[in-house]
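The structure appears below as structure tokens.
The numbers here are math on the coordinates, done by the rules we state, and not lab data. Note that this is a predicted model, so its numbers are computed, not measured. FYI the Cβ positions are ideal-geometry reconstructions off the backbone, even for glycines, and counts take in every protein chain you see.
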Amino acid sequence: MRTVSSSAGEALQTAAEQGRICAIATAGHRDLAARATAYPALLPHRPFDPSVFAAVAMATAFAAPWCTPEQLRSANRATIWGYAAHWRIRHIESDDDVIVLIDRCRAVAHGAPAGQHDELGRFLAEIVAELTPSPAFAARRGLWWAELERMLTALHREWRWRAAQRAEPDGHRPTLHEYLDNSATIGSTFVDLTHWLRSGDGPAIAHLHELITVSREVQRVLRLVADLAAPPGRDSASGGLDTLLAADRVTLQEQIGHLVDRCRELLRPLEVRCPHHASYLSRQLGFSSGFHRITDLWGGL
């Protein structure tokens, strides 16, 4: 009988595990593609091409490879919903219209029906409907509403920064501290909380506030890593990082190092109390770092 060397056997096992995770990601990708079909005006092919859905599904699957596709569905959908909200708000022309959109999202999150032509609201209503049967969500929906509010407020603040920059290019720009305090624009803590409340896992719920604290620190890292990976010309053309933030790239890279150290410090006690969920946050950092060394989420946009 032919035997396999230990190194070859380990390679086989590693590849099999990676293949399993990619299968979870593929299922997530297909679900997100179906949401794009359901909401074509909200998720148009540009910028939401298939590679965006694939990247989101891979990030989620590699962060929590012990979960099933069904257990990760809410996280995937919440991620894409957040990107869609960001994209929609970023291209609104008036502050009053931003306020109207945010008010609609807030109402739907609290149970109001979405309008027939309000695809952003209808997609959010789907997410709420999937969360509602979870006892963890029922008992803590106030936390979820607050995190959604935090993300929408951050998106509105960023819109006002961009509007001010367009009106007065040489005017005040956010400091690095202000920019990082507004990192909820990427919505990763909103997604994490959605995932934890959907799963209702005991250790996660028992240490939810501690996990949220670390998640917000991770969110700051993800914000800067994504910004640094984006092509400079694209950001400048749209009023992004290059024109918005008064800090050079070397400073941002140094800040990422400090933030990662802070995340590791906060994660250390959680590695004992809720190891899966501490690993989930650590794996987010690792996946984002590796992914953005090669490309960024939006490709050639």
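So for the pair GLU271, ARG249, with labels modelled 7 Å out along Cα→Cβ, what separation do we get in nm? Once both label points are built, they end up 3.2 nm from each other.
Between the stretch 98-165 and the stretch 276-291, the C-alpha centres lie 26 angstrom from each other. Projecting the Cα atoms of LEU208, PHE291, ALA16 onto the charge dipole of the chain, computed from C-beta unit charges around the Cα centre, puts ALA16 farthest toward the positive end. Each residue of the stretch 285-294 was assigned a 3J(HN,Hα) from its phi angle through the Karplus expression (A = 6.51, B = -1.76, C = 1.60, θ = phi - 60°), giving 4, x, 5, 4, 4, x, 4, 7, 6, 9 Hz with x at Gly and Pro.
The alpha-carbon positions of the chain define a convex hull whose volume is 154 Å³ per residue.
Using the Cβ-Cβ distance between HIS177 and ARG106 with R0 = 35 Å, the FRET efficiency computed as 1/(1 + (r/R0)^6) comes to roughly 0.80.
The charge dipole of the chain, taken about its Cα centre with unit charges on the Cβ atoms of Lys, Arg (+1), Asp and Glu (-1) only, comes to about 580 debye.
Which ³J(HN,Hα) values in Hz, rounded to whole numbers, follow from the phi angles of the stretch 150-165 under the Karplus curve 6.51 cos²θ - 1.76 cosθ + 1.60, where θ = phi - 60° and Gly and Pro get x? Those phi angles translate into 4, 5, 5, 5, 5, 5, 5, 4, 5, 4, 5, 4, 5, 4, 5, 5 Hz.
Per residue, the average separation of C-alpha pairs within less than 8 Å and at least 6 apart gives the stretch 102-178 a relative contact order of 19 percent. The string of couplings for the stretch 38-52 from the Karplus curve (6.51, -1.76, 1.60, θ = phi - 60°) is 6, 10, x, 6, 7, 10, x, 4, 10, x, 8, 7, x, 5, 5 Hz, one whole number per residue in order, with x for Gly and Pro. Once a ≥ b ≥ c are taken as the square roots of the eigenvalues of the Cα gyration tensor of the stretch 178-221, is the result rounded (a/c under 1.5), prolate (a/b larger than b/c) or oblate (a/b not larger than b/c)? In terms of gyration-tensor shape, prolate. Identify which of ARG77, ARG198, ARG157 has the largest mean-square fluctuation in a Gaussian network model of the chain, with springs joining Cα atoms closer than 10 Å. Evaluated over the chain, the most mobile residue of the options is ARG157. With a simple spin-label model that places each label point 7 Å from the Cα along the Cα-to-Cβ direction, the separation between SER7 and HIS45 comes to 4.7 nm. Mean separation of Cα pairs under 8 Å and 6+ residues apart, divided by the residue count of the chain: what relative contact order is that in percent? Over the chain, the number comes to 20 percent. A dipole drawn for the stretch 65-112 from +1 and -1 charges on Cβ atoms has a positive end, and of ALA75, ALA112, ILE99 the residue lying farthest that way is ALA75. Which of the three applies to the stretch 120-178, rounded, prolate or oblate, going by the alpha-carbon gyration tensor with a ≥ b ≥ c and a/c under 1.5 meaning rounded? Prolate.
Once you sort the root eigenvalues of the Cα gyration tensor of the stretch 30-163 as a ≥ b ≥ c, which label holds: rounded (a/c under 1.5), prolate (a/b larger than b/c) or oblate (the other case)? Oblate, since a/c reaches 1.5 and b/c is not below a/b.
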